[in-house]
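The values are calculated or read from the model by the stated rules, or taken from the named source; none is laboratory data. Everything quoted here is computed from the prediction, not taken from an experiment. Using ideal geometry, Cβ is built from the backbone for each residue, glycine included, and neighbour counts are taken over all protein chains shown. Accessible surface is based on the protein model in full, side chains and every heavy atom, while ligands, DNA and RNA are left aside. Shrake-Rupley method; radii C 1.70, N 1.55, O 1.52, S 1.80 Å.
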Amino acid sequence: MGELEDAVMTRVWKWNRPVTVREVLEDLQQERSIAYTTVMTVLDNLHQKGWVRRESEGRAYRYEAVSTRAAYAAALMNDAWSQSDNPAAALIAFFGMMSEEQRQALRDAIRIAQGPETPAPGPGSVPDGGER
């Protein structure tokens, strides 16, 4: 996703509701000079790429994100990792770039992804879960 596409998607994700070209345009114009047709083209491109869906409203469209920013970030990370010829080395390098806060978020995410911990077998239990 290019810089302008990211700026547009940032607003769509932040507002978390269907938006018009005009709304995005007015918000973007607070930071830069940009034309209505440029924003319309960017949203159309994002629609064609599958990042937003749109519904007709009169002569205009309302655009809504298909997935979250988190899902987009995950797809980028997965794509980059899958292109590595040494995934373990890529992960080690990535972890080395992370702040302590990011490493803690990773530990939390792993804990959540693994689900509730299974208690260790108690005395008298056998591997299949039955009692002796």
Quiz item: What are the pairs, 6+ residues apart or on separate chains, where a residue within the range 58-79 that is within 20 Å of VAL42 (Cα to Cα) has its Cβ under 8 Å from a residue that is outside any strand (DSSP E or B) and of a type in the set (Ser, Thr, Tyr)?
Solution: ALA60/THR20; TYR61/THR20; ARG62/THR20; TYR63/THR20; ARG69/THR10
Quiz item: In the range 46-94, which residue that is in contact with a Lys or Arg (Cβ under 7 Å, 6 or more places away or on another chain) and farther than 13 Å from VAL12 by Cα is least open to solvent (accessible area, probe 1.4 Å)?
Solution: TYR61
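One residue is enough: does the range 117-125 have a residue meeting the conditions assigned to a helix (DSSP H, G or I), out of contact with any strand residue (DSSP E or B) (no Cβ under 8 Å at 6 or more places or on another chain), of a type in the set (A, V, I, L, M) and at pLDDT below 90? If you could, list the steps in order and put the result at the bottom.
At the first step, the residues of the range 117-125 found to be assigned to a helix (DSSP H, G or I) are none.
So far as the range 117-125 goes, no, none of its residues is assigned to a helix (DSSP H, G or I), out of contact with any strand residue (DSSP E or B) (no Cβ under 8 Å at 6 or more places or on another chain), of a type in the set (A, V, I, L, M) and at pLDDT below 90.
For the range 11-22, name all the residues that are part of a helix (DSSP H, G or I) and open to solvent by 50 Å² or more (accessible area, probe 1.4 Å). Please lay out each step first, then the result.
If we filter the range 11-22 for residues that are part of a helix (DSSP H, G or I), which is where we start, we get 11-15, 21-22.
Passing the criteria: LYS14, TRP15, ARG22.
Restricting to the range 35-50, give me the number of residues that are of a type in the set (Gly, Ala, Ser) and either at pLDDT 95 or above or over 25 Å from ALA73 (Cα atoms) (or both).
So the answer is 1.
Out of GLU26, GLU5, report the one residue that is among the charged types (D, E, K, R) and open to solvent by less than 80 Å² (accessible area, probe 1.4 Å). So that I can check it myself, show each step before the final result.
Working: GLU26 fails: open to solvent by less than 80 Å² (accessible area, probe 1.4 Å).
None of the others qualify; the one that does is GLU5.
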Quiz item: Only one residue in ARG11, ARG32, ARG53, ARG69 is within 19 Å of MET1 (Cβ to Cβ), in contact with a His (Cβ under 9 Å, 6 or more places away or on another chain) and modelled with pLDDT of 90 or more, so which one is that?
Solution: ARG53
